[in-house]
1. Can you confirm whether the range B:120-135 contains a residue that is surrounded by fewer than 17 Cβ atoms within 10 Å (Cβ to Cβ), within 14 Å of chain A (Cβ to nearest Cβ) and not in a loop (DSSP other than H, G, I, E, B)?
2. Just wondering, is there one or more residues in the range A:92-113 that are within 28 Å of residue A:29 (Cβ to Cβ), within 12 Å of chain B (Cβ to nearest Cβ) and part of a helix (DSSP H, G or I)?
3. Could you list, in sequence order, the residues of the range B:136-145 that are crowded, with 17+ Cβ neighbours inside 10 Å and farther than 14 Å from residue B:95 by Cβ?
4. Within the range B:31-70, how many residues turn out to be of a type outside the set (A, V, I, L, M, F, W, C), more than 16 Å from residue B:172 (Cβ to Cβ), in contact (Cβ under 8 Å) with a residue 24 or more places away in the chain and part of a loop (DSSP other than H, G, I, E, B)?
5. Looking only at residues that are among the aliphatic types (A, V, I, L, M) and part of a loop (DSSP other than H, G, I, E, B) in the range A:39-69, which one is surrounded by the most Cβ atoms within 10 Å (Cβ to Cβ)?
6. Residue by residue through the range B:136-172, note down the ones that are within 14 Å of chain A (Cβ to nearest Cβ) and at negative phi.
7. What is the one condition in (1) surrounded by 14 or more Cβ atoms within 10 Å (Cβ to Cβ); (2) β-branched (Val, Ile, Thr); (3) within 14 Å of chain B (Cβ to nearest Cβ) that residue A:72 does not satisfy?
8. Can you pull out the residues in the range A:103-141 that are at pLDDT below 85, surrounded by 10 or more Cβ atoms within 10 Å (Cβ to Cβ) and not hydrophobic (A, V, I, L, M, F, W, C)?
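The values are calculated or read from the model by the stated rules, or taken from the named source; none is laboratory data. On a predicted model such as this, the values are computed, not experimentally measured, just so you know. Here the Cβ is made from the backbone with ideal geometry for all residues, glycine too, and neighbour counts use every protein chain on show.
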Amino acid sequence: MRLLLTVIVLLIASVGLQAGVVEPRGFDDPAEESRYRRLIAELRCLVCQNQNLADSNADLAKDLRNQTYDMIKAGKTDEEIVSFMVNRYGDFVLYRPPLKSTTFLLWFGPLILMILGAVVLLIQIRRRNIRPPPKALSAEEQEQLKDILADTGEDSRS
Amino acid sequence: MVRYLLPLGIFLVLVAFLAVGLKLNPREVPSPLINKSAPAFELPTVRDPDRSIGLSDLKREVSLFNVWASWCVSCRHEHPLLVELSRRRIVPIYGLNYKDNRADAMRWLDNLGNPYRASAFDSDGRVGIDWGVYGVPETFVVDRNGIIRHKHTGPISTEDWKNTLLPIIRDLQADRG
């Protein structure tokens, strides 16, 4: 039963992995086709901004897919196509943000915060564990201790 | 005392970030074309397919380049403002008719008024892509030398005009920009 459930869940999850290319394209060259698929997966749709060009149904996404296709057919390199898009729409058109000085916090912020949190946690734990060792009781205090123990002994009997 | 100041300090820093961040529009894509040369183009006009309009028409004067379409509902909100601006001759306005049908576009202008010196007919939106258009309406402020100085996404409200666009245009017209 668990195996069946696992298989069903994985099948449902795999829908997101399938290339949602909207129009069929005639590619003679399989290398060109894989370049096309990769490029439209790496470029963002500016209208539905949480989708890449491959998944979006927006008109602009269709236009940009056409643009990408035409540029591949015209012999442009991947770099040329990407910089064409970035020159017109900025870095936001890249679905994966580039690693630049301005995006440093975006990339490493969570990791830095996690390390900071771990360091603070370790310091707090260390501080709590440092206790002075208990001093030995003086003679007077030992007498008091005997009395207290004797008292509690009597109470428990009655 | 110090123990309570630290969480308070962190909280105040968070409030400061929220105060700034919540005012920003996350959907707005800043244009990389600001202060760069406007992309050259040559397109037939909407009214007369035999006449053409290009970037050279926008030069020589500070002008507005307004992306519009007859199917665009928000364009109707800013259209009266554009018509008034053109009537008062504050700044020449050129249009980019984006992915539209010629007959629909002309009928739209006849019904609502035509503020444009001329409108370029961009039926497949390729010129729009060159200008980084990702929605309609959008308006560009282009200076005398054909440099894009400002991009406004969405319809232009009277506040947008008074507070943002008009000062920029006046500065550019006086060569102060």
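1. Looking through the range B:120-135, at least one residue is surrounded by fewer than 17 Cβ atoms within 10 Å (Cβ to Cβ), within 14 Å of chain A (Cβ to nearest Cβ) and not in a loop (DSSP other than H, G, I, E, B).
2. yes
3. Passing the criteria: B:141, B:143.
4. Residues flagged as of a type outside the set (A, V, I, L, M, F, W, C), more than 16 Å from residue B:172 (Cβ to Cβ), in contact (Cβ under 8 Å) with a residue 24 or more places away in the chain and part of a loop (DSSP other than H, G, I, E, B) within the range B:31-70 amount to 7.
5. Among residues in the range A:39-69 that are among the aliphatic types (A, V, I, L, M) and part of a loop (DSSP other than H, G, I, E, B), the one surrounded by the most Cβ atoms within 10 Å (Cβ to Cβ) is A:53.
6. Those that are within 14 Å of chain A (Cβ to nearest Cβ) and at negative phi: B:136, B:138, B:140, B:148, B:151, B:153.
7. So residue A:72 meets the others, but not (3).
8. The one that is at pLDDT below 85, surrounded by 10 or more Cβ atoms within 10 Å (Cβ to Cβ) and not hydrophobic (A, V, I, L, M, F, W, C): A:141.
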